[in-house]
1. Quick check on this structure: which one of B:Leu93, B:Leu97, B:Leu84 is in contact with a strand residue (DSSP E or B) (Cβ under 9 Å, 6 or more places away or on another chain) and free of Cβ contacts under 8 Å to residues at least 12 places away in the same chain?
2. Identify the residue in the range B:128-148 that is in a helix (DSSP H, G or I) and aliphatic (A, V, I, L, M) and, among all such residues, is most open to solvent (accessible area, probe 1.4 Å).
3. So, in the range A:565-594, how many residues would count as being in contact with a strand residue (DSSP E or B) (Cβ under 6 Å, 6 or more places away or on another chain), open to solvent by 20 Å² or more (accessible area, probe 1.4 Å) and part of a loop (DSSP other than H, G, I, E, B)?
4. Is there a residue being surrounded by fewer than 20 Cβ atoms within 10 Å (Cβ to Cβ) and either among the aliphatic types (A, V, I, L, M) or touching a Pro at 6+ places or on another chain (Cβ under 6 Å) (or both) anywhere in the range A:674-686?
5. Counting only residues that are of a type in the set (A, V, I, L, M, F, W, C) and surrounded by fewer than 21 Cβ atoms within 10 Å (Cβ to Cβ), which one in the range B:240-251 is nearest to the other protein chains (Cβ to nearest Cβ)?
6. Specify the residue that is farthest from the other protein chains (Cβ to nearest Cβ); the eligible residues are those in the range B:74-87 that are over 30 Å from A:Ala617 (Cβ atoms) and open to solvent by 100 Å² or more (accessible area, probe 1.4 Å).
7. Considering the range B:325-339 alone, what residues qualify as being closer than 13 Å to A:Ala572 by Cα and out of contact with any strand residue (DSSP E or B) (no Cβ under 9 Å at 6 or more places or on another chain)?
8. Across the range B:88-127, which residue is surrounded by the fewest Cβ atoms within 10 Å (Cβ to Cβ) among those that are touching a helix residue (DSSP H, G or I) at 6+ places or on another chain (Cβ under 6 Å) and at the interface with chain A (Cβ under 7 Å from one of its Cβ atoms)?
Amino acid sequence: MKLPLGWLREFVTVDADVDAIARRLTAAGVEVENLERVNAGFSDVVIARVLDVQRHPNADRLSLCEVDAGPLGRFSVVCGAPNVRSGMTAAYARVGARLRAGVHGAGGAATVEQAPPLQAAVIRGVKSDGMLCSERELGLSDEHQGILELDAGEPGSDLATALHLDDVVLDIAITPNRGDCLSVLGLAREIAALFGVKLKPPPITPLVTDNHRGEAVAVAVEIEAPDLCPRYAALPMEGVKIGPSPIWLRRRLELAGMRAVSNVVDATNYVMLELGQPLHAFDFTKLAGGRIVVRRAGNDRAMTTLDGLERALIADDLVIADADKPVALAGVMGGGNSEVGGETGTILLESAYFEPMTVARTARRLGLRSEASYRFERGIDPTGQVRALHRVASIITRISGGRAAGPIIDVEARPPELREITLEPDAITKILGVRIPRAEISRRLKSLGAGVRSERQRLIVTAPPFRPDLTEPADLAEEVARLKGLDEIPAAVPERPSAGPAVEDSSRVFARVSREVMLGCGLTEIKSIAFIAPADNQAYPGIGTGQTICVTNPLSAELSEMRRSLVPGLIAAMRFNLNREAAAFHAFEIGRVFMTNGDGSAPESERIAGISYGEYALAAIGRPGVTADFFTIKGIAETYLRSLPGAPRADFVPPAAGELAFLHPGKSAHIRIDGRRLGYVGELHPGEAMHLGLGGPCGVFEFDLTMLLAFGSSERRAIELPPRFPAVRRDLALVVDRGLAADDVLRAISEMKLNLLESVRLFDVYEGGSIPPDKKSVGIACLYRARDRTLTDGEVNRAHADLIERARARLGAELRQ
Amino acid sequence: MKDQLEQIRSRALAELADDAAEAAIENVRVRVLGRSGELTEIMRRMREVPPEERPAIGQLVNQIKAELEARIEVLQGRLREAALERELAAARLDVTLPGAHLPRGRLHPVTQTIEEMLHIFRAMGFEIAATRDVEDDFHNFAALNFPPDHPAREMQDTFFIGGGLLLRTHTSNGQIRVMEARRPPLAVVCPGNCYRRDELSVRASPMFSQIEGFMVDRAGKITMAHLKGVLTEFLRAFFGAGTAVRFRASFFPFTEPSAEVDISCLLCAGKGCRVCKQSGWTEILGSGMIHPNVFRAVGYDPAEFQGFAFGLGVERTALLKLGVEDMRLFFENDLRFLNQFQATVERLA
Ligand SMILES: [Zn+2]
């Protein structure tokens, strides 16, 4: 809401400058976002009455005028305008006045170039003491056909002041609960309450109906939907002459951010800005049957609004109809079929209260926001309808010559409820934590327009009708607090609530541990946005088989689905960096992915994923670096699993045909823990790598962190004491089928459960040479140990021979010679 | 024989001069002390010595042997030292050459900011709860006192994902989820991602993180004064002890009274600059006393319980603290940006 200070000062007198007013409003929750100082761009131009007009003795097209500038005196001016006539009120630039240097349009910028001071001149032999100005010369418009004619004004008074040209505009952000502040009057009330001064409401002039010629315009108003429209008031006016508004009115509207249209429409907007009551003017002759029916659209499927667009209606939309058809979308916009135009002579003014929800629904559905709907949605004063009609009628009479053509028709289908709030003696103190005396509470609430009375220890507060947001003690506590100033509430530290120890959610702890491991492995954390392109979800379906979630109202097609996997985000970050000087990229992300279950629920689960491309360990002088490949990324994945609480044991299972299609078919694996697939690891498919422009292998892994947590948080294992007796190592080279996985060899040996065998570890794989082409040799280190004694050579030899014998039988293995 | 021994001794000592070479020393050792050396020879001929002289000769032999061995040890030690010196001199590296680097991970600045904030909240007695990103209308709006069709809903432009579900627009759903499941006293913070229909730009992102916090206890026990105390303490811990904190009345559907919290501008320390639009203040978080309707929605009696809540945007706060202005930096993941942050989960004091 843009609030011109000059307008505000008509309703409240505050002994404070505009900065102080802005600060105070902001602290009280009526945030002043900006202050704009506007000025006329001219000075020493006053209002003057033209007393006499004579032809210039030496020039046909010039006139010699005598003007009366009130206390400043009478002056003789030469004027070339064709419209100058005696008796008119005009703008007179005195000698010494400063006008705009260039020719500008309407409106005032903060700084305007000014011409040098006006000097007395002799024009065709006659002296001219200043000049009469056109709108263009004053920068008010491009109008230059004649001089500006004013509709009123005290001769000698400053023109800039009279036309509100010098002003400060406060740009105020009004929160949705404060519909009452969407008017000059509402803001004036707020300021009066904040500064403890009196509010001066605008004058309400009684309707002038006595000059009306007796043939009262017959109007019937009927509310068929009292649930959506509790009150509808209307006033017919006749003898209206449609034309442009006077400068002062146009200027006010412009400062308040609205565009001037024509006098009648401008007057309704002016009163809306001033009092907060949206008004609408119909061309009365276009209303069939002279009737107004406030009803649901029902079977009417469409109407054309003032902006010329056809709007589809639904049955529940509230419309204003005449005897036949909708003529306005209630509270949103008028209809083109009843619009006030140049020919209009009789109008019907509407001043109604529409329920916020109905206006909001219709306006939102049609994407049609107006100054009116904005106010109705937030709740206007349900008692202000008749007052606004009085006010607008007096302005229309003044600026367009119209007069009331009958009394105000006021249909109140449902009077507003009186809202009484009972305040227990300590209610406000309990909320704010500071004692506020009863008298102060009462005084502050009254300053907002509330009624307050005492009932024993309690206060009974009647909320003002224009404050629908005040319904319970907490609301009143807020009013008292913000009027008093939040600075007046002390800061106190609560006793520590007895909620128990400050625990942390286990998934967060788990994520934190995971981050530590990733950092230690040299991966940098990234964050990517969870919206993704459908193609990325198809290419990288991640872990889990739920259905992809599509965003109903995405920002773009590229961001239209929720990610199933973190890998596309890592790849995008990698590409971003490779395009900007980076040669390698090692990163991870912890974040949520989203899928729908068969039952329609949309679970989200946490993932951790990593990527490694390019040089991992950097080359130094005299030693080569290590370029990331399958084993690098697998090593990181394994290090991660080993670092987790419980160190879950994982199986790496080659994908079946068609699985993990984005990975190299021979250099990828599912990661299975306790028989469940919790992740995968591998190099990107070479085709994909080429497509991404990569010059080497790029490893990725992804784990379901939520499922890992289930393993990680299992009971802590009992601590084993370090062994006290030495172990004996025996190495073994087994020649096995080339297709046999190393893991299967180790598992087969472990499963023998040999008594003294503590562990087996793979240290070498060899193919070629003396090994037959379909075989490979695996080097295995076997560690033997007894808990209670040092083993003898003989014991170890027997155990090892036993192992070899069983391995032969079990794996069809031969000892490598 | 005694003379002979004396001769052996003096000859050997003469050869074991200070500048004796390795070979000369070895030569003496073999000739005198070796298995078939001169001293062994003397011992073998001991039978020729009269028995009463034998102990004296034997003693003399041992004495000479010890003396020469000691001398050889000294000389060899010197030689070893000298050799080591030469070796070390030869093996001198250019220590300014780079080491063999392992990659170094960095923590994302947003994570770091969240951890730092949670660290402070934990110390103030808050527990940390996880909440969900995918929500229904009730938990994201209705229970938080956003009536349907109310203009307040437009303060937050929502992503919908079908099935009556949406992506939460704030972490305030955490209040509802936690209160539905538990009874006061409660002191909880919920960090998490939120989503709003804003294009990624200098000022906004369609996904961002927030930390929601709330404290609820018996009516009258947690007041607006405590809201001010807790948030002031938190902001001073996070931004520095000298930070000024200001509370302004405001509006949020789920709090009443509501307060916007500002801190003194970090750039100009409150004097007024371009960034704070000359006001000297920067808006930092929203807060208020939990609205009675929120308590009603979770089945608490508002006459019985009372508390405050607040919500804080992490990225915006991180930008303020880092003194940069572009939200996109957090989601582009440019290593040249990320590498400037420390690599630890723990907050360094
Ligand atoms: Zn500043």
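The values are calculated or read from the model by the stated rules, or taken from the named source; none is laboratory data. Computed from a prediction, not measured in an experiment: that's the story for all the values here. Please note: Cβ atoms are built from the backbone with ideal geometry, for glycine as well, and neighbour counts cover all protein chains shown. Protein only, heavy atoms only, side chains kept; ligands, DNA and RNA dropped before computing areas. Shrake-Rupley method; radii C 1.70, N 1.55, O 1.52, S 1.80 Å.
1. Answer to the selection: B:Leu97.
2. Within the range B:128-148, the subset in a helix (DSSP H, G or I) is B:137-140, B:142-144.
With aliphatic (A, V, I, L, M) added as a condition, the list becomes B:142-144.
Working: B:Ala142: 45, B:Ala143: 1, B:Leu144: 0 Å².
That would be B:Ala142.
3. Residues meeting the conditions: 1.
4. No, the range A:674-686 contains no residue that is surrounded by fewer than 20 Cβ atoms within 10 Å (Cβ to Cβ) and either among the aliphatic types (A, V, I, L, M) or touching a Pro at 6+ places or on another chain (Cβ under 6 Å) (or both).
5. Taking the range B:240-251 as the starting set, the residues that turn out to be of a type in the set (A, V, I, L, M, F, W, C) are B:241, B:244-245, B:247, B:249, B:251.
From what's left, surrounded by fewer than 21 Cβ atoms within 10 Å (Cβ to Cβ): B:241, B:244-245.
Details: B:Ala241: 14, B:Ala244: 11, B:Val245: 8 Å.
Looking at residues that are of a type in the set (A, V, I, L, M, F, W, C) and surrounded by fewer than 21 Cβ atoms within 10 Å (Cβ to Cβ), I get B:Val245.
6. Out of the qualifying residues, it is B:Arg78.
7. Within the range B:325-339, B:Glu332, B:Asp334 meet the criteria.
8. Filtering the range B:88-127 for residues touching a helix residue (DSSP H, G or I) at 6+ places or on another chain (Cβ under 6 Å) gives B:105-106, B:109-110, B:113-114, B:120.
Imposing the further condition that a residue be at the interface with chain A (Cβ under 7 Å from one of its Cβ atoms) reduces the set to B:105-106, B:110.
Values: B:Gly105: 22, B:Arg106: 23, B:Val110: 19.
Here the answer is B:Val110.
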